[in-house]
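Structure first, commentary second.
The values are calculated or read from the model by the stated rules, or taken from the named source; none is laboratory data. Here the structure is a predicted model, which is why all the values come from computation and not from measurement. Heads up, the Cβs are rebuilt from the backbone with ideal geometry, glycines too, and the neighbour counts pull from every protein chain shown.
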Amino acid sequence: MSKKIVLTGGGTAGHITPNIALLPRLSQLGYEISYIGSYNGMEKKLIEDYDIPYYGISTGKFRRYFDLKNFTDPFRVIKGYGEARKYLKEIRPDIVFSKGGFVSVPVVRAASSLKIPCVIHESDMTPGLANKLCIPVAAKVCCNFPETLHSLPTEKAVLTGSPIRDELSKGNKLAALELCHFTANKPVLMVIGGSLGAASINQAVREALPKLLNDFQIVHICGHEKIDNLLLNQSGYAQFEYLKAELKDVFAMADVVVSRAGANAICELLALKKPNLLIPLSAGSSRGDQILNARSFETQGYSMVIDEDYLSPDLLVEKVQELYFNRQTYINAMGKSQQMNATKTITELLDGIVEENKAGKGK
Ligand SMILES: CC(=O)N[C@H]1[C@@H](OP(=O)(O)OP(=O)(O)OC[C@H]2O[C@@H](n3ccc(=O)[nH]c3=O)[C@H](O)[C@@H]2O)O[C@H](CO)[C@@H](O)[C@@H]1O
């Protein structure tokens, strides 16, 4: 009997790439996979590279602050709920897996109204608002950090880690050297500011370029519309807005990495054992989870950290040099980590629920 799953999640790549990581194993297990995301969000652009049906719904953001859109977004969400219900009735999945983000709320709530079991996943240390709205109706809530277990209902919480795309460990260094027009004789610093880029990191890196270029070639993933045209011809410096398939090659080429401390990004750095300097998003512009992520990795000896409030070009140069000098220490520490196989744990959990329900219906 065929098995069907609907995946949802979007807004930023951190709510999408873990779903992508699950695709090969779900296919092996015989699932027909569909995706429900927003009409035109990042998830649509990333999922269209895979051969699975995509259903777009209307979405709105849940804000804790005043914005005129707070008056119109509820109607968008209600519309999205109706569309999600319609698509779910059409697809008739055995289960829904949600990676969070605002688009996932109407999908999970609609699935619950149709008695379709939902499993949701929280990558960060504390649950985001979208997941908080879904926890009451979820069958299970997967999480990435042991610390998160305390914030979740005991009977629903499962520690799984965050699924990482297998292909990331299969990069080709030579392909990346060619892509960036770099030589093989000088170390490579990779800078990645999360899936949307990070303006403060971009500025510090660009101001520090004259010094950094003495020792490194720099590949900078700077975010949508954040390329600096004045630096396009700078030798030893390559900029990209966002990398899809080439990301694995750039990881393979990187000797050291400067990164935001998004939950998935840091798990990938750990899995790939890349010595890294984290600059977490400040508490002023977020709920502070990246700071917790970064401090946890620093304490475990996997990462160096700069507080964004103290970020300056000179401090960046000093810390990058220190990181490169001590890189083997970080590689050794990361080599001792007991990182979970999240893809295996989550797909087994999902398949277990589906098989149990099918067996129940067959009785
Ligand atoms: C500003 C913001 O709200 N950030 C949040 C967002 O970050 P963000 O969406 O940046 O998520 P993460 O850093 O966790 O993950 C980014 C993902 O995008 C991928 N990637 C990135 C750049 C690129 O060019 N190509 C590419 O494939 C990375 O490999 C990774 O898989 O979600 C994370 C997970 O909930 C949170 O921890 C972050 O606090």
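Would you point out which residue out of Glu318, Glu348, Glu298 is acidic (Asp, Glu) and in the same structural domain as Leu7 (by TED's automatic domain parsing)? Outline the logic, then answer.
On the way: Glu318 fails: in the same structural domain as Leu7 (by TED's automatic domain parsing); Glu298 fails: in the same structural domain as Leu7 (by TED's automatic domain parsing).
Checking each option against the conditions leaves just Glu348.
Somewhere in the stretch 291-300, is a residue within 11 Å of the ligand (Cβ to nearest atom) and part of a loop (DSSP other than H, G, I, E, B)?
No, the stretch 291-300 contains no residue that is within 11 Å of the ligand (Cβ to nearest atom) and part of a loop (DSSP other than H, G, I, E, B).
Could you grab me the full set of residues in the stretch 135-148 that are part of a helix (DSSP H, G or I) and either modelled with pLDDT under 95 or within 14 Å of the ligand (Cβ to nearest atom) (or both)?
Result: Pro146, Glu147, Thr148.
Are there any strands (runs of 3 or more DSSP E) wholly within the stretch 162-274 with 2 or more residues that are free of Cβ contacts under 8 Å to residues at least 60 places away in the same chain and within 14 Å of the ligand (Cβ to nearest atom), and if so which? Let's see the steps before the verdict.
Working: elements: 188-192, 217-221, 237-240, 256-259.
Of the strands (runs of 3 or more DSSP E) lying wholly inside the stretch 162-274, those with at least 2 residues that are free of Cβ contacts under 8 Å to residues at least 60 places away in the same chain and within 14 Å of the ligand (Cβ to nearest atom) span 217-221, 237-240.
From (1) out of contact with any Ser or Thr (no Cβ under 8 Å at 6 or more places or on another chain); (2) modelled with pLDDT of 95 or more, pick out the condition that doesn't hold for Pro106.
Every condition holds for Pro106 apart from (1).
Looking at the stretch 12-29, can you tell me whether even one residue there is outside any loop (DSSP other than H, G, I, E, B), surrounded by fewer than 24 Cβ atoms within 10 Å (Cβ to Cβ), more than 16 Å from the ligand (Cβ to nearest atom) and without any contact (Cβ under 8 Å) to a residue 24 or more places away in the chain?
Within the stretch 12-29, one or more residues are outside any loop (DSSP other than H, G, I, E, B), surrounded by fewer than 24 Cβ atoms within 10 Å (Cβ to Cβ), more than 16 Å from the ligand (Cβ to nearest atom) and without any contact (Cβ under 8 Å) to a residue 24 or more places away in the chain.
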